[in-house]
1. For residue 188, are the conditions met, namely being outside any strand (DSSP E or B), modelled with pLDDT of 95 or more and under 18 Å from residue 246 (Cβ atoms)?
2. Restricting the search to region 113-137, which residues are more than 18 Å from residue 7 (Cα to Cα) and assigned to a loop (DSSP other than H, G, I, E, B)?
3. Could you count how many residues in region 149-171 are crowded, with 17+ Cβ neighbours inside 10 Å and within 23 Å of residue 219 (Cβ to Cβ)?
4. State yes or no: is residue 202 surrounded by fewer than 16 Cβ atoms within 10 Å (Cβ to Cβ), touching a residue at least 24 places away in the same chain (Cβ under 8 Å) and part of a loop (DSSP other than H, G, I, E, B)?
5. Sort out which residues of region 135-148 are in contact (Cβ under 8 Å) with a residue 60 or more places away in the chain and either surrounded by fewer than 19 Cβ atoms within 10 Å (Cβ to Cβ) or over 13 Å from residue 284 (Cβ atoms) (or both), and write them in order of number.
6. Given 110, 152, which one is more than 29 Å from residue 277 (Cβ to Cβ), part of a loop (DSSP other than H, G, I, E, B) and in contact with a strand residue (DSSP E or B) (Cβ under 7 Å, 6 or more places away or on another chain)?
7. Here is a list: 60, 35. Which entry is assigned by TED's automatic domain parsing to the domain that holds residue 158, surrounded by fewer than 20 Cβ atoms within 10 Å (Cβ to Cβ) and not in a loop (DSSP other than H, G, I, E, B)?
């Protein structure tokens with residue numbers, strides 16, 4: 001088996017993604033299997049996914065939620081492919097040769113260890129209530145290939161990547177961090193420390209589930225909390241020193257002054273402004289910085 005498609009599932013209807021993958025496997029004759037692990041989703045999603053039990057190679061349902069890092073590591077126990085392709089469950093495939101693009105690259109570059117294909121969102125702006133996450137994706141995450149090639153580790157994300165199984169057995173996700181945020185960059189920097197090259201290609205998947213501004217801001221808070229925990233570990237802090245927010249925090253000339261300026265009142269004002277959606281992302285940068293200063297106390 002060349003490729004194991006690994007999809008962690010949590011409270012999202014993954015049927016469309018699975019059937020699109022199965023269709024390409026059949027049409028293009030791709031040597032691939034599909035594995036799903038449900039991280040203790042609500043019963044409603046478990047019920048609608050019953051149909052997938054006979055449609056994929058393996059569908060494991062966990063009784064307790066184990067988080068974003070551990071569930072990805074768990075796929076090593078079930079995947080039989082030489083390479084593992086990790087996809088987020090809220091992804092949507094728009095390329096007819098999506099899997100074939102990866103397998104062709106592997107065949108042309110048999111020494112490749114990790115491949116990141118990229119991500120995108122709808123070109124049409126959503127309503128104001130969902131605008132902030134969309135704007136962040138467009139301006140900060142959905143980077144063109146030429147930019148990603150210049151910063152292969154900082155541009156890496158976990159929504160759509162291939163990794164050789166024996167490499168993943170050596171460098172996997174840090175199980176200490178289960179919440180949302182920065183686990184992908186930590187994983188990338190662990191690979192950088194281990195001198196594992198990340199190849200980048202143009203083979204994006206569409207993020208099919210933009211959160212509301214309120215939900216996204218809650219996730220921003222969770223991500224900054226995770227980052228603060230990482231930075232309190234000197235070994236991890238060194239690995240994350242290139243991250244934009246970390247560089248901004250580390251470069252503050254007089255932190256007590258900024259702690260005062262970006263205190264609780266300012267954070268409330270910024271959050272209220274950001275919740276409207278259509279704002280400059282510099283306000284989001286200030287909000288994150290204020291949260292990080294608070295969490296690092």
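The values are calculated or read from the model by the stated rules, or taken from the named source; none is laboratory data. This structure is a prediction, so every number in the text was calculated from the model and none was measured. Here the Cβ is made from the backbone with ideal geometry for all residues, glycine too, and neighbour counts use every protein chain on show.
1. Values: outside any strand (DSSP E or B): yes; modelled with pLDDT of 95 or more: yes; under 18 Å from residue 246 (Cβ atoms): yes.
The answer is yes for residue 188.
2. 113, 121, 122, 123, 124, 125, 126, 127
3. The qualifying residues number 8.
4. Working: surrounded by fewer than 16 Cβ atoms within 10 Å (Cβ to Cβ): yes; touching a residue at least 24 places away in the same chain (Cβ under 8 Å): yes; part of a loop (DSSP other than H, G, I, E, B): yes.
Yes; evaluated as a whole, the condition is true for this residue.
5. Initially, region 135-148 is screened for residues in contact (Cβ under 8 Å) with a residue 60 or more places away in the chain, giving 135-137, 139-140, 142.
Residues satisfying the conditions are 136, 137, 139, 140, 142.
6. Working: 110 fails: in contact with a strand residue (DSSP E or B) (Cβ under 7 Å, 6 or more places away or on another chain).
One residue alone meets the criteria, 152.
7. Numbers: 35 fails: surrounded by fewer than 20 Cβ atoms within 10 Å (Cβ to Cβ).
Selected residue: 60, the only one of 60, 35 that is assigned by TED's automatic domain parsing to the domain that holds residue 158, surrounded by fewer than 20 Cβ atoms within 10 Å (Cβ to Cβ) and not in a loop (DSSP other than H, G, I, E, B).
Let's see how each residue does on (1) in the same structural domain as residue 220 (by TED's automatic domain parsing); (2) more than 18 Å from residue 212 (Cα to Cα); (3) over 15 Å from the mean Cα position of the chain (by Cα):
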residue: 127; (1), (2), (3): no, no, yes
residue: 132; (1), (2), (3): no, no, yes
residue: 141; (1), (2), (3): no, no, no
residue: 146; (1), (2), (3): no, yes, yes
residue: 149; (1), (2), (3): no, yes, yes
residue: 161; (1), (2), (3): no, yes, no
